[in-house]
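Let me begin by presenting the structure, written as structure tokens, before commenting on it.
The values are calculated or read from the model by the stated rules, or taken from the named source; none is laboratory data. Quantities reported herein were computed from a predicted structural model and do not represent experimental measurements. Cβ placement follows ideal geometry from the backbone for every residue including glycine, while neighbour counts extend to all protein chains displayed. Quick note on the areas: whole protein, heavy atoms, side chains included, nothing else; ligands and nucleic acids left out. Shrake-Rupley method; radii C 1.70, N 1.55, O 1.52, S 1.80 Å.
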Amino acid sequence: QVRLVESGGGLVQAGGSLRLSCAASGSGFSITVMGWYRQAPGKQRELIASLTSGGTTNYVDSVKGRFTISRANARNTLYLQMNSLKPEDTAVYYCNAAVGVVMYWGQGTQVTVSS
């Protein structure tokens, strides 16, 4: 069992920055991929950034060049550095971890970008 807890959301003006964190806890697990998803009101949840255990990153086009996904050396904390934020980035952001075919989710953290 893996528990994921996000933090770092909040209200920021357009052009500002936020850093989200996701702390993973549990025992006896090996995470293969971690990622950040977001869900805006009335829209489907979308994958915006992912990081494999081998260090490969992928980003959705809308955040490329603005967001950076990374992981702490201990490999139990995932980060999302978000720069040049836009109002359309407003959403609930979720941390996700894949352990084999099992997916784990955090509770989500709200990010609101004002214009």
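Just a few scattered comments:
- Magnitude of the charge dipole for the stretch 36-81, about its Cα centre and with charges confined to Cβ atoms of Lys, Arg (+1) and Asp, Glu (-1), is about 80 debye.
- For the options Val92, Val101, Val63, a Gaussian network treatment of the chain with springs between C-alpha atoms closer than 10 Å singles out Val101 as fluctuating the most.
- Percentage relative contact order, the chain, counting C-alpha pairs under 8 Å, at least six apart: 37 percent
- Note on surface exposure: Ile48, Ile31 rank Ile31, Ile48 by accessible area, highest first, 1.4 Å probe.
- GNM top mover of Ala91, Ala24, Ala40 - the chain, alpha-carbon springs below 10 Å: Ala40
- Restricting the stretch 1-106 to trypsin sites (Lys or Arg not before Pro) in coil, as DSSP defines it, with at most 16 other Cβ within 10 Å: Lys43, Arg45, Lys64, Arg66, Arg75
- Value of relative contact order over the stretch 20-80, rounded to a whole percent, pairs C-alpha under 8 Å and six or more apart: 35 percent
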